[in-house]
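Heads up, the thing below is written out as structure tokens.
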Amino acid sequence: MVYSIYLKNGTVYLPAMVNQGTARYMEVEPVAVVPAADTVALRRALQATISKPNDFVAPSIDDARKPAVVLKYSGDKSWRAFMRGTSAWEISEKEGKFRISGHRIHRKGYWEPDPDQMIHFPAGTSLDDVIDRMIAILQEAAKQ
């Protein structure tokens with residue numbers, strides 16, 4: 001399972017994710033949009049989004065032509081405009097182990113995992129503990 005989380009101007013964007021096979025995921029609707037400062041709403045949105053499995057949806061040629069689903073909610077006209085001022089994270093789970101990965105912008109202009117922002121949770125860590133840590137990260141980042 002993999003889920004993207006974006007923070008821009010104090011607002012958190014949580015798109016649903018579908019699995020397209022061979023470690024490819026696509027962001028789809030619904031997209032939860034929540035103020036980072038609202039801990040209760042943020043926890044509810046993270047629980048609702050992350051508790052759903054990544055359903056399989058076969059990729060299509062049209063997928064590459066569609067604008068990113070979060071643009072509709074952020075009001076940005078392009079992915080590059082959305083990236084400006086946005087922080088990105090990913091929560092993933094594999095074999096019962098969760099990981100939060102912060103991302104940085106590569107010099108070529110795309111997001112890449114930042115090894116300095118990776119948090120590996122031990123097996124058996126509850127989703128609620130991962131969500132609590134993610135909320136702390138988001139709220140701290142929103143203050144900066």
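A short reminder: the numbers here are calculations on the coordinates, not readings from a lab. Just so it is clear, the structure is predicted and the values come from calculations on it, not from any experiment. Note that each Cβ is placed from the backbone with ideal geometry, even for glycine, and that neighbours are counted across all protein chains shown.
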Open item on the list: Apply the a/c threshold of 1.5 to the C-alpha gyration tensor of region 1-80 and tell me whether it is rounded, prolate or oblate.
Closed with: oblate
TODO: For Val33 and His106, calculate 0.36 nm times their separation in residues minus their Cα-Cα distance, and state this gained length in nm to one decimal.
DONE: 23.7 nm
Open item on the list: Can you return the lysines within cross-link range of Lys8? Criterion is Cα-Cα under 17 Å, with same-chain partners fewer than 8 residues away left out.
Closed with: Lys72, Lys77, Lys143
- [ ] Please give the net charge around Tyr110, taking every other residue with its beta carbon less than 12 angstrom from that of Tyr110, where Lys and Arg add +1 and Asp and Glu add -1.
- [x] +3
Task: Highest-fluctuation residue, Tyr25, Tyr13, Tyr110 considered, GNM on the chain with Cα pairs under 10 Å - done: Tyr110
TODO: Filter the trypsin sites (Lys or Arg not before Pro) in region 17-117 down to the DSSP loop ones having no more than 15 other Cβ atoms within 10 Å, then list what survives.
DONE: Arg24, Lys77, Arg84, Arg107, Lys108
Task: Chain lengthening between Asp116 and Glu95 when straightened (0.36 nm per residue, less Cα-Cα) - done: 5.3 nm
Task: Estimated distance in nm for a label pair at Val69 and Ser126, the labels positioned 7 Å out from Cα along Cα-to-Cβ - done: 2.8
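In which sequence would Trp111, Trp89 go, from the one with the fewest C-beta neighbours within 10 Å to the one with the most?
Listing Trp111, Trp89 from fewest to most nearby Cβ atoms yields Trp111, Trp89.
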Open item on the list: For Cα extents along the principal axes in Å, pick the label among [x] 56, 28, 17; [y] 89, 43, 18; [z] 39, 34, 30 that corresponds to the value derived from the coordinates.
Closed with: [z]
Open item on the list: Give the residue list of GluC sites (Glu not before Pro) in region 87-129 that are DSSP loop and have at most 12 other beta-carbon atoms within 10 angstrom.
Closed with: Glu95
